[in-house]
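Reviewing the structure listed below.
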Ligand SMILES: NC(=O)c1ccc[n+]([C@@H]2O[C@H](COP(=O)([O-])OP(=O)(O)OC[C@H]3O[C@@H](n4cnc5c(N)ncnc54)[C@H](OP(=O)(O)O)[C@@H]3O)[C@@H](O)[C@H]2O)c1
């Protein structure tokens, strides 16, 4: 994490993690350790965890153990949100979507909510924000005032959509898009904890993930608007972290591997200029993989702290008059969840949306 000194930041913002004991919640805990602008002051989870200290409530999934400064923090019930809201500047939500609609709405009545959950993603006044792709969609936040909220909800995309949207942004900007065909090989951590039973996934590939394909299609065209068609096949594979996706894009204009790579270099330069000073921004938003057999989840998922989308196997196939094919890798619980949302919060803070 680069140390971005900002003259406006005199005191760190108080952050609450809602759903702090789960897979994505723990990534928020890790991602906020030593953050130059934000500090964790509140942890919320279900009644199962409320009243326990964090190290007893959360089965730790990361390396090592629960971070020392919050291991003994008491997990609060979401019934306490209204009482505590005045002491919180930002809510980071890692709740299951079924519960997120009600609980995030209660948080947003007071303060900004940055969420990994799908509950509000498809509402007209809610952007699905990926700063490097659609930062201008943040303007929608103002419309949420009409709900009577003092705060707002900004969700990130589904963890399968984020890497795809990032990789497609330079394609759309330089060549136009007619069709996208994507097959995912998704990691186990994407299913939360305990997730898929070991007897089901060991030595196996599961060729269906409920609602995932619909989410990818719906979210991609909301994030990168256009009249293009999207086909998605989502599968679960025996990998712990990191979603791999094979992608073929039919483009409006001719696109060669060389022109695609040049577009990526230009995109990275723009991202660096616009978002480089944010503490969680990767040095390169898209990393062009080195070697014909990359990206691989075990080797490449932590590139730039898990915030880079790694793209390789770039080639053209003869199936469309104009097209580009590649394989991408995106860390599902880092870029695809907590760290991606922390980057969004940093961006919204710098833009003045978070006071
Ligand atoms: N895992 C990923 O890679 C990933 C990526 C992108 C987005 N997401 C999204 O992130 C969200 C969380 O996913 P996850 O994988 O972290 O799930 P998870 O491991 O099952 O964790 C869920 C968390 O929510 C809490 N919770 C559940 N019901 C609650 C309730 N009624 N009231 C308050 N807290 C409640 C749980 O608390 P207890 O421990 O007390 O039960 C736990 O802290 C989901 O919306 C998911 O779609 C996940």
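Computed from the coordinates by the stated procedures, all read-outs in this text should not be read as laboratory data. No experiment lies behind these values; they were computed from the predicted model shown. Using ideal geometry, Cβ is built from the backbone for each residue, glycine included, and neighbour counts are taken over all protein chains shown.
Measuring max minus min along each principal axis, the C-alpha atoms of the chain give extents of 61, 48, 36 Å (largest first). Cβ-to-Cβ counts within 10 Å put 275, 267 in ascending order as 275, 267, the fewest first.
For the chain, the longest principal axis of the Cα atoms and the long axis of helix 159-175 meet at an angle of about 50 degrees.
DSSP assigns beta bridges within the chain; of those with both partners inside it, close to 45 percent run antiparallel. Over all projection directions, the Cα-based convex hull of the stretch 192-255 averages an area of 5.9 nm².
Could you give log10 I(q)/I(0) at q = 0.14, 0.15, 0.24 Å⁻¹ for the stretch 228-327, computed by the Debye formula over C-alpha point scatterers of equal weight, without solvent? Each listed q maps to, in turn, -0.63, -0.72, -1.32.
Put the Cα centre of the stretch 324-344 next to the Cα centre of the stretch 176-246 and the gap is 13 Å.
This ranking places 280, 46 by how few other beta-carbon atoms lie within 10 Å of each, fewest first, which gives 46, 280. Hey, how much of the P(r) for the stretch 159-330 falls beyond 26 Å, as a percent of Cα pairs? Of all Cα-Cα pairs in the stretch 159-330, 27 percent lie more than 26 Å apart.
The long axis of helix 212-223 is offset from the longest Cα principal axis of the chain by roughly 90 degrees. Residues 149, 60, ranked from the fewest to the most other C-beta atoms within 10 Å, line up as 60, 149. Which values of log₁₀ I(q)/I(0), to two decimal places, follow from the Debye formula for the stretch 124-221 at q = 0.20, 0.21 Å⁻¹ with a uniform point scatterer at every Cα? Those come out to -1.06, -1.11, one per q. Between 213, 47, 250, the Gaussian network model of the chain with springs among Cα atoms under 10 angstrom shows the greatest mean-square fluctuation at 47. Roughly what percent of Cα-Cα pairs across the stretch 121-161 reach past 12 Å? Summing the P(r) tail past 12 Å for the stretch 121-161 gives 57 percent. Each Cα pair under 8 Å and six or more residues apart adds its sequence gap; the mean of these over the residue count of the stretch 159-330 is a relative contact order of 29 percent. Select from 185, 299, 278 the residue whose mean-square fluctuation is largest in a Gaussian network model of the chain (Cα-Cα springs shorter than 10 Å). In the Gaussian network model the winner is 299. Give the calculated FRET efficiency between residue 146 and residue 214 to the nearest 0.05, with a Förster radius of 45 Å applied to their Cβ-Cβ distance. For residue 146 and residue 214, the calculated efficiency is 0.95. Of all DSSP beta bridges confined to the stretch 159-330, the antiparallel ones make up roughly 65%. Over the chain, DSSP H runs of length four or greater, each weighted -39,500 (n - 2.57), average out per residue to a 222 nm ellipticity of -8500 deg cm²/dmol. Here the stretch 268-287 and the stretch 16-90 have alpha carbon centers that stand 28 Å from each other. Given a 10 angstrom Cα cut-off, can you work out which residue in 216, 292, 230 is the most mobile in a GNM of the chain? Evaluated over the chain, the most mobile residue of the options is 292.
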